[in-house]
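Let me begin by presenting the structure, written as structure tokens, before commenting on it.
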Amino acid sequence: MIRRFRASFVVLALVGLSACGSPQAGSHPSLGLDPDGPEQRLNTLTALDERVARVAWRLSEANVDLCPVVRQSAGWALHSAGQYSPELRPFSEQRFGLDGDQPGVLAAPAGSPADRAGLRPGDRVISVNARPLAVGDRRRAAQYEGLAANLALLDAALAAGPATLEVIRDGQTLHTRVTPVRACGYDVQLNPSDELNARADGRRLFISTALAGFAQSDDELALILGHELAHNVLGHRSWAETGGEGRTVVDPNCDPRLCGDGNHERQADRVGLYLMARAGYDPSAAAPFWRRFAASNWRVRYPSLAHASAGVRATRLEAVQAEIEAKRAAGQPIRP
Ligand SMILES: [Zn+2]
């Protein structure tokens, strides 16, 4: 999944993470960085970005036959200096070799077309099929439009087949050819927030930095993103319905009988577990995740509801896990 979301993500990053504090701030004291400083915040964001990109790519590639929206994808996550606030921008330029609106590789998940093409974090793409990608105005306030225009050129080139990229790495110019593959066509957006939340809107998946940070493993992150991907696979919310605003369709703290359509939540829990299993993640992570979530959070926001709700979900997910394991043992395809 190409991640275009860096727009809202990084543009909001200063407000979000500086206001609430990073949940992982101070977790790397050996680095000797100010735990609340911009460099540490950039490190925290980048670590979450890489995890989300890696898991999203595997889900997207493994479930392409179930996704109603499909595209030719390089599997990378891209960002630009222009997306970062003036405070974070110098660090982003230094660390990632970014320049203006030109797309830099933030993540090239293992096995993705970007990885197979030899691309790696820190590479900056300056042209596609000999067409230059604009740098734009380097002094501008943080914005997304410049990168979005460059991403549109990359997407158009990939939609037509293999594309030749000109890349700057450590000051040297390289050429590489990316051969895209079909994958689910949903962008994934990591939103700076201390709310433990995720949602889907028919076109994108959203996860908060707090919830991504709460996930202790890629299996747990795949559980969350798989649930949201399931909402899109099942067509629960269309882009038109949400008006592009990404109506909240899941609040993991909320009793599904009271938050939206409980039947939709049950369906997305079930199908989401299949989606994560098909991507090679361990569905036995689901029930313990929900129980841990309930134990650590139910008092915080929904004291009378969430504890029971998470327990019910955990029990239902154990039944789905058994269903998946039975199919696997019988040599049947893992299809919901
Ligand atoms: Zn849901």
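Assorted remarks:
- Dipole magnitude for the stretch 81-200: about 320 debye, using +1 per Lys or Arg Cβ and -1 per Asp or Glu Cβ, origin at the Cα centre.
- Extension gain for the segment E39 to R169, taken as residue separation times 0.36 nm less the Cα-Cα distance, is 44.6 nm to one decimal.
- The 3J(HN,Hα) values that the Karplus relation (6.51, -1.76, 1.60; θ = phi - 60°) gives for the stretch 124-131 are, in residue order, 10, 8, 10, 7, 10, 6, 6, 9 Hz. Gly and Pro appear as x.
- Rolling a 1.4 Å probe over the protein heavy atoms leaves E87 with an accessible area of roughly 80 Å².
The values are calculated or read from the model by the stated rules, or taken from the named source; none is laboratory data. This is a predicted model, so every value here is computed, not measured. Note: ideal-geometry Cβ built from the backbone for every residue, glycine included; neighbour counts use all protein chains shown. Just so you know, the surface numbers come from the protein's heavy atoms only, side chains and all, with ligands and any DNA or RNA stripped out. Shrake-Rupley method; radii C 1.70, N 1.55, O 1.52, S 1.80 Å.
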